[in-house]
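Visitor: Quick one: the structure is below, questions incoming.
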Amino acid sequence: MKNQGAYLISMPGDETQTEAERREFWRDDYNAHRFKGEHLYPVDIPYRVRMVRQETGLYVLDTFRQWGPVESTRTECHVRQSPDNHYHLIALTGGSVLTVIGNTEVTIGPGMAVLGTANQPLRMQVRDAQGFAVRLPRPEVISRLGEEAPAWTAFDLRRGIGRISGTMLRALHEERDSFSAAGFDATCERLTELFCMLAVGDDRPAVENIPEIEPMVRRYVRQHIASRDMSLPSVAAGLGWSPRQLQSALRQVGTTYRELVRDERLTAARRCLANPAFQHRPIVDIALGCGFASGNVLSVLFKERYGESPREYRYRALGQLRP
């Protein structure tokens, strides 16, 4: 560990640890430097981390490479017993991070970042990731965004302010031996300001490649087809975009978000109705499994789209006689 006054540089972990010792070490490190919760590692997959940590009394920057998955869960009990006095930024150069808060999922990959606080129950999955994890003082974020700051927000680090922020993060790591505590804190403060601008602005994933946007949204909707919370803000957040960008992109390819979701739900229901494996499943169960509010809603929309009821289509598709 290198100590420059109140500025510390360290490389946590020990390559000579056994697998069990390594998991226990990183479980304790997560609780101490990120947020307290349950941190689980699959027993059949080796887990390793290489990390360089820079920290003062205010900010912590971890530059890391992780092999293997970890799932962290923070419950209401954790929130009550150990309030989170920080915001957390994760910026990836590889791998993926999924954050689930209530019915909202936020997924990021390389070239993206997510900012949020653990002052509410959440679940986070980190898989074979590398990049940067920054712990920010909560007052520094609240002073810029207010108490109603977004819970977890994704944004793009490949363009505009995001690209500048990503470059500063890399430089902060690469020039780590040149900083004093004051210099490190001052740079982190500037980064906090940029992160907050990104969290509330529209400087998010670019939509220049408009034809690619609709298939991406459709894939996301299909993956979450059973969810009743398929609101535009929820899906936009999950893809790391703003609702305005998503609406604009879909409008340019001749559809709307509402039409797209309805189309995917109807397509999924039609596929189930024609599947012999589901021939004895009640139509209402198929409707609910495809995200419709009721069997009646499916029936009305299905007949409007295909000219026959779900029951009539099922008999015809499966070659059955009507009762």
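Only the coordinates and a few stated rules stand behind these numbers; no lab work does. Note that the structure is a prediction, hence the values are computed from the model and not measured. In this analysis, Cβ positions are derived from the backbone assuming ideal geometry, glycine residues included, and neighbour counts consider all displayed protein chains.
Visitor: I'd like to know which of VAL284, VAL300, GLY319 lies farthest towards the positive end of the charge dipole of the range 277-323, counting +1 on Cβ of Lys and Arg and -1 on Cβ of Asp and Glu.
Guide: GLY319
Visitor: Efficiency by 1/(1 + (r/R0)^6): what FRET value for ILE142 and ARG281, r their Cβ-Cβ distance, R0 = 45 Å, to the nearest 0.05?
Guide: 0.35
Visitor: Using a 10 angstrom cutoff on alpha carbons, build the Gaussian network for the chain and name the most mobile of ARG265, ARG74, ARG305.
Guide: ARG305
Visitor: Okay, moving on. Anyone know which of ALA154, ALA199, ALA171 comes out most mobile in the 10 Å Cα GNM of the chain?
Guide: Per the Cα network of the chain with a 10 Å cutoff, ALA171 tops the list.
Visitor: Sorting SER294, SER10 on the 10 Å Cβ count, fewest up front, what's the list?
Guide: With the sparsest Cβ surroundings first, the list reads SER294, SER10.
Visitor: Between GLU304 and PHE25, 0.36 nm times their residue separation minus their Cα-Cα distance comes to what?
Guide: Between GLU304 and PHE25, full extension yields an extra 94.6 nm.
Visitor: Give the label of the value calculated from the structure for Cα extents along the principal axes in Å, choosing from (1) 117, 52, 40; (2) 77, 37, 35; (3) 83, 45, 34.
Guide: (3)
Visitor: Grab the DSSP H runs of the chain that are 4 residues or longer, score each as -39,500 (n - 2.57), total them, divide by all residues and round the 222 nm result to the nearest 500 deg cm²/dmol.
Guide: -13500 deg cm²/dmol
Visitor: Would any residue of the range 24-65 have its amide N under 18 Å from a label point 7 Å out along Cα→Cβ of GLU174? List them or say none.
Guide: Once the point is set 7 Å along Cα→Cβ of GLU174, 52-54, 62-65 turn out to lie under 18 Å by backbone N, inside the range 24-65.
Visitor: In a shell of Cβ-Cβ distance under 14 Å around HIS280, excluding HIS280 itself, what net charge do Lys and Arg (+1) and Asp and Glu (-1) give?
Guide: Net charge in that neighbourhood comes out at +2.
Visitor: Would you pull out the residues with amide H under 5 Å of GLN130's amide H, same chain only if 5 or more places away, H placed 1.01 Å from N?
Guide: Here the answer is GLN66, THR93, GLY94, GLY95, since their amide H atoms fall under 5 Å of that of GLN130.
Visitor: If the chain between TRP67 and ARG251 were fully stretched, how many nm would it gain, using 0.36 nm times the residue separation less the Cα-Cα distance?
Guide: Value of the extension gain: 62.2 nm.
Visitor: Indicate the gyration tensor shape class of the range 1-81 (rounded, prolate or oblate), computed on the Cα atoms with a ≥ b ≥ c the square roots of the eigenvalues: a/c under 1.5 is rounded; otherwise a/b larger than b/c is prolate and the rest oblate.
Guide: Note, shape of the range 1-81 comes out oblate.
Visitor: Right, here's the next one. Gain in length, ASN119 to ARG48, computed as 0.36 nm per residue apart minus the alpha-carbon separation, to one decimal in nm?
Guide: Gain on extension, ASN119 to ARG48, equals 22.8 nm.
Visitor: I'd like the distance between the alpha-carbon centres of the range 10-47 and the range 231-306, rounded to an integer number of Å.
Guide: 41
Visitor: Using the number of other C-beta atoms within 10 angstrom as an exposure proxy, rank HIS86, HIS33 with the fewest first.
Guide: HIS33, HIS86
Visitor: Under 8 Å for C-alpha pairs, at least 6 residues apart: give me the relative contact order for the range 50-160, rounded to a whole percent.
Guide: The value is 34 percent.
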